[in-house]
Structure formats: structure tokens, C-alpha cells
Amino acid sequence: MTITDPTDTAGATPPGAPAEKVSKVGDKVFGGLAKGAGILILVTLAAVAIFLIAEAWPTFTNDLSEISGPDTFLGYVGPLIFGTILAAVIALVVATPMAVAVALFISHYAPKRLAQTLGYFVDLLAAIPSVVFGIWGISVLAPILARSVYPWLEDNLGFIPLFAGPASTSGRTMLTAGIVLAVMILPIITAISREVFLQTPRLHEEASLALGATKWEMIRQSVLPYGRSGVISGAMLGLGRALGETMAVAIILSGSIDYFWDLISNQNSNTIAANIALSFPESSGLEVNRLIATGLVLFGITFLVNALARKIASAGFSGADG
């Protein structure tokens with residue numbers, strides 16, 4: 001039997017020899033690039049904020065009575081904020097349940113080959129330009145809704161202010177815009193929800209089934225609680241896109257600077273992004289500053305939505321860990 005001498009220093013670094021460097025050149029380069037990318041994002045965000053504030057400042061320091069529209073900035077931007085949030089909320093309410101259902105079907109019900117194919121087509125929706133969605137909404141979806149859905153809503157749910165009517169005969173309504181936005185944000189919410197559902201620990205699912213739960217009960221007890229934070233994060237990301245969507249809404253809506261609650265009539269509040277796109281080419285002077293000021297408001301709303309999403313997601317992960 002060979003006995004190793006603990007004092008044997010064979011293989012050890014000889015005295016006076018340079019110590020081996022733990023950090024490699026590649027690690028330093030990659031770390032520097034990652035740090036630079038993070039700093040670049042912050043610098044870009046700060047530059048955009050500074051530009052918006054500088055260009056919007058004349059709106060708050062000059063008399064707006066000399067240009068068309070309301071005399072005050074709040075009177076001008078208020079209906080636009082209302083229309084932006086209303087369209088985004090409609091899209092979120094329509095898209096989120098459908099996205100969760102599609103994600104559950106792909107992750108837990110569909111055969112593997114069908115799940116891969118369906119997932120591919122859902123992801124493909126995200127690559128379609130928004131102008132195409134807008135054309136599809138005004139050419140295909142709007143006439144269908146105007147012929148069958150809107151008259152029914154007015155006749156049966158007209159006592160609700162949202163569907164009081166008169167029903168639009170062209171389909172250019174806030175509800176049409178909201179449904180188109182829902183189709184646009186569906187891939188984002190579906191993709192994130194699907195990946196989170198697939199990460200559910202297998203032992204949790206098997207334990208639930210072993211205790212006699214049906215497949216739906218297992219999903220309700222194990223999969224949905226585990227993926228709650230991911231679904232919320234995906235919904236908030238979809239909401240962020242819906243808030244800033246421009247061309248699809250601009251093509252569908254005939255918006256105006258006023259408050260309108262009715263979702264099925266031709267009178268609609270415009271959104272901030274669509275109003276900027278439609279009004280900017282013909283604007284000049286203080287009108288341009290006012291439009292940029294509305295963009296600053298949209299920038300702030302989007303920032304708050306993203307911050308809220310991170311907070312909700314963090315709270316969801318903490319609850320899952322508990």
C-alpha cells in the first residue's frame with residue numbers, strides 16, 4: 001500500500017513562480033461588453049427622456065389658446081390618455097384568457113408534434129407588421145362585427161353605457177381596435193406563459209396526480225400557481241405594446257379629442273400614439289411641442305406599467321417560493 005506524504009509538494013506551484021490567473025482575458029472582455037451594454041441602455045433611456053422634456057417644455061410655458069384644440073394641455077391630453085388606456089385594457093381583457101388557454105393546450109394537452117407546430121404559428125403572429133393587422137381589422141373584422149355583433153350588443157346590452165349605441169355600420173369602433181390589439185399582443189403573452197408552464201416541477205404535477213387529482217385539477221393546483229408571475233409579466237409586456245401601438249389603431253379608429261365611453265359607436269376617443277402619427281405631418285411650431293409633450297406622457301405611462309410589472313412579478317415569485 002502506498003502512503004502519501006502530506007509534506008510532498010509535487011505538483012504544487014514552485015516558490016517564486018507567478019500564480020495562475022483565475023480571470024481569463026475572455027471573461028474580462030465579456031464582462032466589459034455586458035457592463036457597457038447595460039450602461040448604453042441607461043444612457044439611451046436618459047437621452048430619450050431629456051429630449052422629450054426639452055421639446056415638451058414650451059407646451060407648459062406658453063399660451064396654448066393660439067393653436068387649435070383645448071386651451072390647456074390637460075384638456076388636450078386627458079381624452080388621449082383615456083382612449084389609450086381604454087383600448088389597451090380591452091386588448092388585455094380579451095387576449096390574456098385566450099393566451100393562457102393556448103399556452104396550457106400547447107404545454108399540457110396537445111401532442112408533441114401538434115404543440116410544436118401550433119407554437120410556431122403563434123410565434124409567427126408576432127412577426128406580422130402592425131399595418132397589416134390594421135388593414136385586416138378594417139377590411140375583414142370590422143364589417144363582420146358591424147353586421148352581426150354590434151347590433152346584438154345594442155339590442156341586448158344597450159342598458160350598459162359601454163354598449164349604448166347607436167351601433168356603428170362601418171365597424172370603426174374602439175371595440176374593433178381593442179380586438180385587433182388583442183390579436184397583436186396574443187403571441188407575447190402566450191410565449192411567456194407557455195415557457196413558464198413548461199418549467200413547472202415535474203414532481204409537483206406527479207404528486208398532484210398521485211393524490212387522485214384530474215388533469216385540470218393538477219393544472220389548477222400546480223401549474224397555474226407556479227406560472228402566475230410569468231402570466232402577469234407577459235400580460236404587462238403585452239399591455240406595454242398595446243399602449244404604444246400606432247398604425248393599427250390609426251387605420252381603424254376615427255378618433256377625436258373628447259371622452260367617449262361607448263365601444264360600438266363611431267364616436268371614439270383617440271390614442272396618444274395614433275394622434276401623434278396622424279397629426280405630426282401637418283403640425284408646426286407649438287403644435288409640435290404639444291404632440292411631443294403627449295409622447296412624454298405616454299413614455300411615463302409605459303415606464304410605470306413596466307415598473308408595476310416587475311413589482312408584481314417579484315411578489316409572485318416570492319409567493320411561489322413561500
| Percent of accessible area on region 91-318 owned by carbon and sulfur, 1.4 Å probe? | 67
| said: Highest mean first, how do 118-131, 226-239 rank when packing is the count of other Cβ atoms within 10 Å averaged over residues? | reply: 226-239, 118-131
| said: Under 8 Å for C-alpha pairs, at least 6 residues apart: give me the relative contact order for the chain, rounded to a whole percent. | reply: 26
| field | Contour excess over end-to-end distance, with Cα ends at R113 and K35 and 0.36 nm allotted per residue | value | 24.0 nm
| query | Taking the Cα-to-Cβ direction at D155 and at V140 and moving 7 Å from each Cα, how far apart do the two end points lie in nm? | reply | 2.7
| task | Could you state the accessible area per residue of region 91-318 in Å², with a 1.4 Å probe and every protein chain left in place? | result | 49
| Lysine pairs in the chain with alpha-carbon atoms under 25 Å apart, 8 or more places apart or on different chains: how many are there? | 4
| Listed peptides 243-251, 29-37, 146-154 by packing density, highest first (mean Cβ within 10 Å) | 243-251, 146-154, 29-37
| note | Residue span E217 to L162: 0.36 nm per residue of separation minus Cα-Cα distance leaves a gain in nm of 16.2 nm
| query | What does the highest-first list of 133-144, 92-103 look like by mean Cβ count within 10 Å? | reply | 92-103, 133-144
| field | For N268, residues with placed amide H under 5 Å, excluding near neighbours | value | S256
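The values are calculated or read from the model by the stated rules, or taken from the named source; none is laboratory data. Please read all numbers here as calculations on a predicted model, not as lab measurements. Glycine gets a Cβ as well: all are built from the backbone with ideal geometry, and neighbour counts include every protein chain shown. Note: accessible area is taken over every heavy atom of the protein model, side chains too, but ligands, DNA and RNA are not part of it. Shrake-Rupley method; radii C 1.70, N 1.55, O 1.52, S 1.80 Å.
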